[in-house]
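**Q** Quick one: this structure, given as structure tokens, is what I'll be asking you about.
The values are calculated or read from the model by the stated rules, or taken from the named source; none is laboratory data. The model shown is predicted, which means the values in this text are computed figures rather than measured ones. Here the Cβ positions follow ideal geometry from the backbone for every residue, glycine too, while neighbour counts run over all protein chains shown. Surface areas here come from the heavy atoms of the whole protein model, side chains and all, with no ligands, DNA or RNA. Shrake-Rupley method; radii C 1.70, N 1.55, O 1.52, S 1.80 Å.
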Amino acid sequence: MDQKRSRTFSGVKPTGHLTLGNYLGAVRRWVEADQHRSDALFSVVDLHALTVEHDPARLRRLSRQAATLLLAAGLDPALCTVYVQSHVDEHARLSYLLECTATDGELRRMIQYKEKSVRARAAGDGVRLSLLTYPVLMAADILAYATDDVPVGEDQRQHVELARDLALRFNQRYGHTFTVPRATHPAVAARVMDLQDPMSKMGKSHENGSGIVYLLDEPDVVRKKVMRAVTDSGTEVVYDREARPGVANLLDILAAATDRAPAELAGEYSAYGALKRDTAEAVVELLRPVRERHAELAADPGYVDRVLREGAERARGMARPVVDRAYRAIGLLPAA
Ligand code: TYM
């Protein structure tokens, strides 16, 4: 019997260069699993990059680079839809209806809002209102496509939970309109930590890049960053994320890069140096094909433009009926 394929949606925010965290937590699974087994859309979610201080020219560059990297990593436009969020109006159109569904209280509870608003204030910048409403736009990204699965890293769990809550609330008030989505996380490396500060997430917009491996870092830069990773005061290699976060992070990265289990790998090392060396080489090899393919694709911007144009067209066609249905359900008068 022909079963309906499930729908997948996920995205990456062009606020900085893509990192190993983005790759292991999200992009690699999109490439290896999601695009093959489901009807999948992957978006460079540029509207989300406007929620903090930004430079317009840099944003344009990073958006193009992110799209090119998604293709370089192996997303295949023949299998899935790759596009830029701002090219499809339905996201912003639906977001407003969801703002009328969410409450101020539930948005102020979001961990990322709390953290990032403190950072913006400390930098002397105002906190943009969109930083507060950002998870509602993210819910719109997901719900506009009748999404079943949202493959993300651990840090997005709370946001996908909000998308679920809003879908259920909207459906209950106005009749069944949205598919209720669920987050999926990788078994290993769902939260890759900063190599210099293993208590913090490896995040692309951090100022100090020495603990962050970027997908486009040269092999020698990757090696240097991994070899200089902060480890813990002990000397034994054990997998304990609480007591030994630095070593556990290296084991997670090595495990993800070699498809092994971190606790099992720990038993094979007796010193930190060897663990760092093997991790560095595994990451260099993992990223090598992505860097090489990126260089080829960056030399052919016409191809990337075409993929994004066709992707946006396809995405519009999928989102339009869902968003129109939501407009009718909530009581807005259809245009004659
Ligand atoms: P963003 O751009 O911060 O990250 C993109 C994806 O990478 C994952 N990720 C990580 N995974 C493991 N370890 C890390 N250190 C790490 N850093 C990032 C993220 O969990 C994410 O899956 N709000 C989202 C973008 C977004 C989105 C969406 C995602 C907007 N709308 C709709 C899914 C569905 C974000 O800021 O991701």
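**Q** Using a 1.4 Å probe, what is the accessible area per residue for the chain, in Å²?
**A** Result: 46 Å² of accessible area for each residue.
**Q** Gaussian network model of the chain, Cα springs within a sub-10 Å range: biggest mean-square fluctuation belongs to which of ALA263, ALA146, ALA271?
**A** ALA271
**Q** With +1 assigned to the C-beta of every Lys and Arg and -1 to the C-beta of every Asp and Glu, and no other charges, what is the dipole magnitude of the stretch 155-253 about the Cα centre in debye, to the nearest 20?
**A** 500
**Q** Measure off, as a whole percent, the carbon and sulfur share of the 1.4 Å-probe accessible area of the stretch 219-296, all protein chains present.
**A** The C+S portion of the solvent-accessible surface of the stretch 219-296 is 49 percent.
**Q** What size of dipole, in debye to the nearest 20, comes out for the chain about its Cα centre when the only charges are +1 on Lys and Arg C-beta atoms and -1 on Asp and Glu C-beta atoms?
**A** Taking the Cα centre of the chain as origin, the dipole is about 800 debye.
**Q** Rounded to the nearest 0.05, what FRET efficiency is calculated for ASP76 and ARG288 with R0 set to 22 Å and r the Cβ-Cβ distance?
**A** The computed FRET efficiency comes out at 0.70.
**Q** How compact and how long is the stretch 219-296, expressed as Rg and Dmax of its alpha-carbon atoms in Å?
**A** Every Cα atom of the stretch 219-296 included, Rg and Dmax give 12.9, 44 Å.
**Q** Using mean Cβ contacts within 10 Å as the protection proxy, how do 285-294, 104-113 order, highest first?
**A** Ranked from most to least packed, the peptides come out as 285-294, 104-113.
**Q** Per DSSP H run of n ≥ 4, the term is -39500 (n - 2.57); total these for the chain, divide by its residue number, and report the mean residue ellipticity at 222 nm rounded to 500 deg cm²/dmol.
**A** -15500 deg cm²/dmol
**Q** Sorted by mean Cβ packing within 10 Å, highest first, what order do the peptides 272-278, 237-243, 209-215 take?
**A** The peptides rank, most packed first, as 209-215, 272-278, 237-243.
**Q** Multiplying the sequence separation of ASN208 and LYS224 by 0.36 nm and subtracting their Cα-Cα distance, what value in nm do you get? Before the final figure, lay out each step's value.
**A** Values: separation 16, 0.36 × 16 = 5.76 nm, distance 1.47 nm.
Result for the pair: 4.3 nm of gain on full extension.
**Q** When we measure straight from the Cα of LYS114, which lysines land under 23 angstrom away, once same-chain ones fewer than 8 places off are left out?
**A** Partners within reach: LYS13, LYS201, LYS204.
**Q** Same structure again: Tally up the carbon and sulfur contribution to the accessible surface of the stretch 1-55 as a whole percent, 1.4 Å probe, everything protein left in place.
**A** Taking all protein chains in place, the stretch 1-55 shows 49 percent carbon and sulfur surface.
**Q** Also: I want to verify a result. In a Gaussian network model of the chain, Cα cutoff 10 Å, which of these has the top mean-square fluctuation: ALA261, ALA102, ALA123?
**A** Per the Cα network of the chain with a 10 Å cutoff, ALA123 tops the list.
**Q** With unit charges on the beta carbons (Lys and Arg positive, Asp and Glu negative) and the dipole taken about the Cα centre of the chain, which residue among VAL12, GLY126, ALA73 sits farthest to the positive side?
**A** GLY126
**Q** Please compute the Kirkwood hydrodynamic radius over the chain, one decimal place, Å, based on all pairs of different Cα atoms.
**A** After inverting the mean inverse Cα-Cα distance, the result is 20.9 Å.
**Q** Carbon and sulfur together cover what percent of the accessible area of the stretch 114-173 at a 1.4 Å probe radius?
**A** It is 50 percent, rounded to a whole number.
**Q** What FRET efficiency do you get for LYS114 and ASP155 if R0 is 22 Å and r is their Cβ-Cβ distance, rounded to the nearest 0.05?
**A** Efficiency at R0 = 22 Å is approximately 0.95.
**Q** Now for a separate question. If the only charges are +1 at each Lys and Arg Cβ and -1 at each Asp and Glu Cβ, what is the size of the charge dipole of the stretch 219-296 around the Cα centre, to the nearest 20 debye?
**A** Charge dipole, the stretch 219-296, about its Cα centre: 360 debye, nearest 20.
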